[in-house]
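The values are calculated or read from the model by the stated rules, or taken from the named source; none is laboratory data. No experiment lies behind these values; they were computed from the predicted model shown. Note that each Cβ is placed from the backbone with ideal geometry, even for glycine, and that neighbours are counted across all protein chains shown. Note: areas computed on protein heavy atoms with side chains; ligands, DNA, RNA excluded. Shrake-Rupley method; radii C 1.70, N 1.55, O 1.52, S 1.80 Å.
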Amino acid sequence: MRRSKAELAKMRRAGSVVAEMHEATRAAAKPGVTTAELDRVAREVLERRGARSNFLNYGHPPFPAVICTSINSMIVHGIPGPQVLKEGDIVSIDCGAIIEGYHGDAAYTMAIGAVTEEARRLIEVTERSLYAGIEQMTVGNRLHEIGRAVQRVAESAGFSVVREYVGHAIGTAMHEQPQVPNYWPGTPGPTLKSGMVFAVEPMVNAGGAETRLLDDQWSVVTADGSLSAHFEHTIAVTDDGPEVLTVP
Ligand code: MG
Ligand code: MG
């Protein structure tokens, strides 16, 4: 699907709301704060900006919050609640917004106070792997070069890339086809064209790539209990190169 200039303008606005949710949650995330409080802070941004949540009531069972909060060995889809952030944790915040029917989706991982050297390096490498993927988003390149670049950065640092959860096209729905794997799936995939928009979202584990779904049917953790980090942006392919839409 290729988006028009008018559609991209709406997606830019949705993206700026998501960026503001990131700024607000990042400022609020400190030792002693609950993940439910971070969700409340993100809801305030949606309300102030007149945006709707694409996370709230998503899926089965319906997701009960506007952000996902995934701590330490949790990879993605953690449900905000009474859990308290503590010094030494790493927390991944994933959220989205809808403006005039168009979606934005982005995630980041941050350290709560001082963390281990491994945790710090995992966060740094995962973010760098996202930007290596974004660099591949040029007209005429092939979709799966994104995942190949992500995988190269993550694995050369000694980490592993999650296979079961992937990025996606995005536009008038949060999750559109095609999927965007964070690894080389064996084929180059579709050719990238101007106006295509994708959410690229490496999930990188400090240990093995295997995952496990918890009983709440949402929370996904590393099978070996190792730390995991997650970074995501919504990015348009344009004639001038990749444009990150989830920015202020
Ligand atoms: Mg997301
Ligand atoms: Mg996404």
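Assuming charge only on the beta carbon of Lys and Arg (+1) and of Asp and Glu (-1), the dipole of region 1-72 about its Cα centre is about 460 debye to the nearest 20. Between Asp89, Asp215, Asp105, the GNM of the chain built on Cα springs shorter than 10 angstrom shows Asp215 fluctuating the most. The local environment of Ile99, defined by Cβ-Cβ distances under 10 Å, has a net charge of +4 under the rule Lys, Arg +1 and Asp, Glu -1.
Sites listed here are GluC sites (Glu not before Pro) in region 166-244 whose DSSP assignment is loop and whose Cβ has at most 16 other Cβ atoms within 10 Å: Glu210. Heavy atoms of the protein chains alone define the surface here; on that basis region 5-244 has 41 Å² accessible area per residue at 1.4 Å probe size. Simple point charges give the picture: +1 on the Cβ of Lys and Arg, -1 on the Cβ of Asp and Glu, and for region 5-244 a dipole about the Cα centre of about 340 debye. Region 106-120 and region 190-248 have Cα centres separated by 17 Å. Note on Lys10: lysines with a C-alpha under 28 Å away, same-chain residues under 8 apart excluded, are Lys193. Normalised radius of gyration (Cα atoms, divided by 2.2 N^0.38 Å) for region 5-244: 0.95.
Over the chain, with a Gaussian network built from C-alpha contacts below 10 Å, which listed residue (Thr126, Thr187, Thr34) shows the highest mean-square fluctuation? Greatest mean-square fluctuation among the candidates belongs to Thr187. Note: region 143-211, Cα convex hull, 82 Å³ per residue.
Checking every one of the trypsin sites (Lys or Arg not before Pro) in region 1-76 against DSSP loop status and a limit of 10 other Cβ atoms within 10 Å picks out no site at all.
How high is the FRET efficiency between Val139 and Arg52 when r is their beta carbon distance and R₀ equals 35 Å, given to the nearest 0.05? FRET efficiency, Val139 to Arg52: 0.65.
Here Lys30 is the anchor, and the aspartates and glutamates within straight C-alpha reach of less than 16 Å, apart from those fewer than 8 places off in the same chain, are Asp39, Glu87, Asp89. For Arg26 and Met1, what does the FRET efficiency come to when R0 = 41 Å and r is the distance between their Cβ atoms, rounded to the nearest 0.05? Efficiency computed from Cβ-Cβ geometry: 0.85. Would you work out the relative contact order for the chain, in percent, from Cα pairs under 8 angstrom that are 6 or more residues apart? After rounding, I find 23 percent. Loop-located GluC sites (Glu not before Pro) across region 1-92 with a Cβ neighbour count of 14 or fewer within 10 Å are Glu87, with loop assigned by DSSP.
Build a GNM of the chain with springs between Cα atoms under 10 Å apart, and of Val115, Val153, Val166 the one that fluctuates most is Val115.
Within the set of other residues whose C-beta is less than 12 Å from the C-beta of Glu145, count the net charge using Lys and Arg as +1 and Asp and Glu as -1. Net charge in that neighbourhood comes out at +2.
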